[in-house]
């Protein structure tokens, strides 16, 4: 049985914002999101580089075995979705950490139950849906 794990971020957009249609690229960061990013920088929850990665529509994180599209949320209104089937738990953890570092929500699909358990142990704020 495959399942889905979603990581909850305090700065995550609402489900409606995450599913909004995406017109021509690139899209500017909405004022509400920009305000949240700047507030997070001012409070010390984000550093300058993390804020730039959240705003830059071309931002990526190059990992050993994956390129994570960190700018997807700015362009499309929803972040990168991790297709979990065939990926090691350590790779998925690295991808999730890259997304969480810029307060981007994480969604991983098609997981084996043992891999989902490993991710749930690694990350405190998760929701696991058995499908």
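Data table
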read-out: Estimated Rh, segment 82-131: Kirkwood, alpha-carbon pairs, angstrom; value: 11.0
read-out: Globularity index of segment 31-131, i.e. its alpha-carbon radius of gyration over 2.2 N^0.38 Å; value: 1.11
read-out: Spin-label model distance (nm) - residue 93 vs residue 75, 7 Å beyond Cα toward Cβ; value: 3.0
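Computed from the coordinates by the stated procedures, all read-outs in this text should not be read as laboratory data. Note that the coordinates shown come from a computational prediction; the quantities given were computed from them, not determined experimentally. Cβ sites come from the backbone with ideal geometry, for glycine too, and all protein chains shown count toward neighbours.
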